[in-house]
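Trainee: Before I ask anything, here is the structure I am working with.
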Amino acid sequence: MRAIWKGAVSFGLVSIAVKLYSATEEKDIRFHQVHRADGGRIRYKRTCQVCGEEVSYDDIAKGYDIGGGEMVILTDEDFSDLPLSTSHAIDVLEFVPAEQVDPILYNKAYFLEPEGTATKPYLLLRDALTDSERVAIVKVALRQREQLATLRVREGVLLLNTMLWPDEIRKPDFGFLDEDLKIRPPELAMATSLIDSMAGDFHPDEFTDDYRAALQEVIDAKVEGREVVQPEEVEEAPAAAVDLMAALKASVERARAARGEAPAGGSAEPTPISSARSAQKKAAEKKAAKAPAKKAPAKKTAEKKTTAKKAQPAKKTAEKKATKTAKKATPRKSA
């Protein structure tokens, strides 16, 4: 990488000399405009609309259109008189929790490398930011423009993220925000179930630019003079759903099938209520399995019941025998 800027981070009374590097790069495939007939490059000339002459870069100034065909011309001297902070300083203004910075404000990212003997204070600021779980809000002048930025830690390196100013963020002004449209609880529950079925951890390396890869394949085929074979589509685009709930249910099952999970309850469609009941049932079974079983009392009770059942027939048999004995012992009356 090549350093595009050199300066210093002002951290209180500490100054940390750093080099600035672009942290990102675009991977877009770029094309030139050419003449279709012979492939010649198309060139543009910088010509003046007033005199028609071609103008060199040295004779080009910046103009601000104030309307009515009038133009205010600004030169390099005009810009040098502006109250712009030094172009070689990154001034730390304050330290704030990272979650308080809205991601929409982030613009471009740059790596900072310590220069010369600035390694120790560089590491000190890096470790202090990590321990405090905060980011530094800074101001820096890049390309003749003062910019708001943050300093944070990424993979052991200080990362400078330039930011948009608050007045550069547009406010959404859409009609549906004023509509009184109610979302039914079952729809919200099913949408939440769909999110849960598609939940996972973000691994950027798992995603690729399929369009760029296909375009590169077309270019390579042109170079090699071979035929371009279009890849077969894996699946067709889903048809429009009849209603929202049907689409949500189908999406949940599709997400589960993609993960190799069986549908809940066999072929039955899962619902938030059935899912909750199933969870409660599993929790109850788990709790019952953990509870110690009382086998001894159960055994004694069974024995008592068995003894009682056996005692009743024995008692009746004894009574019958006593009755027969009594009949035999009674003397018959003489005629």
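Trainee: Apply the Karplus parameterisation 6.51 cos²θ - 1.76 cosθ + 1.60, with θ equal to phi minus 60°, to every residue of segment 42-59 and state each ³J(HN,Hα) to the nearest whole Hz, in sequence, with x for glycine and proline.
Mentor: Ordered by residue, 3J(HN,Hα) equals 8, 10, 10, 9, 8, 10, 8, 6, 7, 9, x, 8, 6, 10, 7, 4, 5, 9 Hz.
Trainee: Could you sort Ile219, Ile195 by accessible area so the largest value comes first, with the probe set to 1.4 Å?
Mentor: Ile195, Ile219
Trainee: In whole Hz, with x marking every Gly and Pro, tabulate ³J(HN,Hα) for segment 31-40 from phi via Karplus 6.51 cos²θ - 1.76 cosθ + 1.60, θ = phi - 60°.
Mentor: Here the 3J(HN,Hα) series is 10, 9, 7, 10, 6, 4, 6, 10, x, x Hz.
Trainee: Here is a further query. Using the Cβ atoms and a cut-off under 14 Å, what net charge is assigned to the surroundings of His32, where Lys and Arg are +1 and Asp and Glu are -1?
Mentor: +2
Trainee: Let me ask something else about it. Between Lys120 and Glu206, how many nm apart are label points set 7 Å from Cα along the C-beta direction?
Mentor: Each label point lies 7 Å from its Cα, and together they span 4.5 nm.
Trainee: Follow-up question, since we're still on this one. Would you mind getting the Kirkwood hydrodynamic radius of segment 1-156 from its Cα pairs, rounded to one decimal in Å?
Mentor: 19.7
Trainee: Here's a follow-up. Students sometimes get this wrong: rank Asp220, Asp59 by accessible area, probe 1.4 Å, all chains present, largest first.
Mentor: Result, largest first: Asp59, Asp220.
Trainee: Tell me which trypsin sites (Lys or Arg not before Pro) from segment 6-42 have a DSSP coil assignment and no more than 12 other beta carbons within 10 Å of their own.
Mentor: Listed in order of number, the matching sites are Lys27, Arg30, Arg36.
Trainee: In segment 1-58, which GluC sites (Glu not before Pro) fall in coil by DSSP and have 13 or fewer other Cβ atoms within 10 Å?
Mentor: Hits after loop and neighbour filter: Glu25, Glu26, Glu53.
Trainee: Continuing with this model, one more query. With every protein chain in place, what's the accessible area of Asp173 (1.4 Å probe, Å², nearest 10)?
Mentor: 140
Trainee: Over all alpha-carbon pairs in segment 83-186, figure out the percentage whose distance exceeds 23 Å. Walk me through the numbers on the way to the answer.
Mentor: Working: 2153 of 5356 pairs.
When every Cα pair of segment 83-186 is considered, 40 percent fall beyond 23 Å.
Trainee: Skipping prolines and chain starts, which residues have an amide H placed within reach, meaning under 5 Å, of the one on Ala3, given they are 5 or more residues away or on another chain?
Mentor: Long-range HN contacts for Ala3: none found.
Trainee: So, one more: Report the net charge of residues surrounding Cys48, where surrounding means a beta-carbon distance below 12 angstrom and charges are Lys +1, Arg +1, Asp -1, Glu -1.
Mentor: Net local charge, Cys48 excluded: -1.
Trainee: Note down the accessible area of Tyr106, probe 1.4 Å, to the nearest 10 Å².
Mentor: Surface accessible to solvent at Tyr106 totals approximately 70 Å².
Trainee: Which GluC sites (Glu not before Pro) from segment 136-229 combine a DSSP loop assignment with at most 15 other Cβ atoms within 10 Å?
Mentor: Passing sites in segment 136-229 are Glu155, Glu179, Glu227.
Trainee: If you average 1/r over all unlike Cα pairs in segment 138-225 and invert the result, what Kirkwood radius do you get in angstrom?
Mentor: Details: mean 1/r = 0.0507 Å⁻¹.
Every distinct Cα pair counted, the radius reaches 19.7 Å.
Trainee: Could you tell me the calculated FRET efficiency between Glu217 and Val34, based on Cβ-Cβ distance and R0 = 30 angstrom, to the nearest 0.05?
Mentor: Numbers: r = 21 Å, r/R0 = 0.70.
My answer for the efficiency is 0.90.
Trainee: Note the full-extension length gain between Glu54 and Ala189 as 0.36 nm times their separation in residues minus their Cα-Cα distance, in nm to one decimal.
Mentor: Extra length available between Glu54 and Ala189 comes to 42.0 nm.
The values are calculated or read from the model by the stated rules, or taken from the named source; none is laboratory data. Since we're looking at a predicted model, the values are computed, not measured. Quick reminder, even Gly has a Cβ in these numbers, built from the backbone with ideal geometry, and neighbours come from all protein chains shown. Only protein heavy atoms, including side chains, enter the accessible area calculation; ligands, DNA and RNA are left aside. Shrake-Rupley method; radii C 1.70, N 1.55, O 1.52, S 1.80 Å.
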